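The values are calculated or read from the model by the stated rules, or taken from the named source; none is laboratory data. Every value quoted in this text rests on a predicted model; they were computed, and no experiment measured them. Here the Cβ positions follow ideal geometry from the backbone for every residue, glycine too, while neighbour counts run over all protein chains shown. For accessibility, only protein heavy atoms count, side chains too; no ligands or nucleic acids. Shrake-Rupley method; radii C 1.70, N 1.55, O 1.52, S 1.80 Å.
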Amino acid sequence: TRIAEIVTGEGQAATLIAVRANMDDAVTLTKAIKFAAQSPTRIIAIDRAFVTALDMEMFNSAAHHYREHLFIVLAGDGGTDLDPAANARFGDKYPRAANLLVVAACDQKGALAPQSNWGAATVDIAVDVVSRFVVEDGASLPKDPNLSRIALARVTALAARLLAVEPHIRGAAF
C-alpha cells in the first residue's frame with residue numbers, strides 16, 4: 001500500500017506489521033489494536049479518522065490503556081473543525097492521552113490542505129504532503145482523498161526513525 005511504502009521508505013529502519021480490520025466495526029478495530037499492542041511494535045498507526053465522538057473515545061481509551069505505545073491517527077479529510085466534538089466528548093473530565101497524536105495534511109508553507117480536518121486543541125501536527133506529489137501549476141495541493149493518509153505515514157516513519165536511534169523511548173516520550 002502507499003502507506004506501507006512511505007513508512008518503510010522514509011522510516012528506513014522500520015519493520016512493519018500490517019493488521020487488517022473492519023474500520024467500521026468497533027469490536028473488530030478494538031481486537032486489532034489489542035493484537036498490535038501485544039506484538040513487538042511500539043508505534044500503532046491507525047488508518048481511520050479521529051472524527052466522531054466514538055472514534056475519539058475508542059482511540060483515546062486504547063492509548064490510555066497501552067501507554068507504552070505511540071498511537072498515530074488521521075485527522076481526516078472532511079474539512080471540519082474537530083474541536084467541538086472533542087470538547088463535548090472529553091472536556092476536563094477525561095484528558096486526552098499524551099501518547100495519542102492526531103495528524104493532518106498541509107502544504108510546504110504550513111497551510112492546511114483544503115479538505116483536511118483541523119482543530120487547535122485536537123490536531124497535534126500537520127505534515128507537508130506536497131513533496132509526495134507533482135503539482136503541475138505549483139499553486140495548490142491536489143484534491144486527493146488520501147492526503148491525511150500520507151501525513152499519517154510520514155509521521156509514523158519519523159517516529160520509527162526516532163525509535164531506531166532511541167530504542168528505549170516509550171509512549172508519550174515520542
| message | Can you report the number of residues in the range 73-94 which are under 17 Å from residue 58 (Cβ atoms), part of a loop (DSSP other than H, G, I, E, B) and at pLDDT 75 or above? | response | 3
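Given the criterion of a type in the set (A, V, I, L, M) and assigned to a loop (DSSP other than H, G, I, E, B), identify the matching residue among 18, 62, 32.
Numbers: 62 fails: assigned to a loop (DSSP other than H, G, I, E, B); 32 fails: assigned to a loop (DSSP other than H, G, I, E, B).
Of the residues listed, the single one that is of a type in the set (A, V, I, L, M) and assigned to a loop (DSSP other than H, G, I, E, B) is 18.
I need the full set of residues from the range 35-49 which are β-branched (Val, Ile, Thr) and assigned to a loop (DSSP other than H, G, I, E, B), in order please.
Taking the range 35-49 first, the residues β-branched (Val, Ile, Thr) are 41, 43-44, 46.
Matches in the range 35-49: 41 only.
Just the residues that are β-branched (Val, Ile, Thr) and either touching a Lys or Arg at 6+ places or on another chain (Cβ under 8 Å) or open to solvent by 30 Å² or more (accessible area, probe 1.4 Å) (or both), please, taken from the range 44-64.
Correct list: 51, 52.
Can you report the number of residues in the range 95-110 which are in a loop (DSSP other than H, G, I, E, B) and either surrounded by 13 or more Cβ atoms within 10 Å (Cβ to Cβ) or at pLDDT 90 or above (or both)? If you could, list the steps in order and put the result at the bottom.
If we filter the range 95-110 for residues that are in a loop (DSSP other than H, G, I, E, B), which is where we start, we get 95-99, 107-110.
Then drop every residue that is not either surrounded by 13 or more Cβ atoms within 10 Å (Cβ to Cβ) or at pLDDT 90 or above (or both), which leaves 96-99, 107.
Here the count works out to 5.
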| remark: Of those in the range 5-35 that are free of Cβ contacts under 8 Å to residues at least 24 places away in the same chain and aliphatic (A, V, I, L, M), the residue farthest from residue 163 (Cα to Cα) is 27
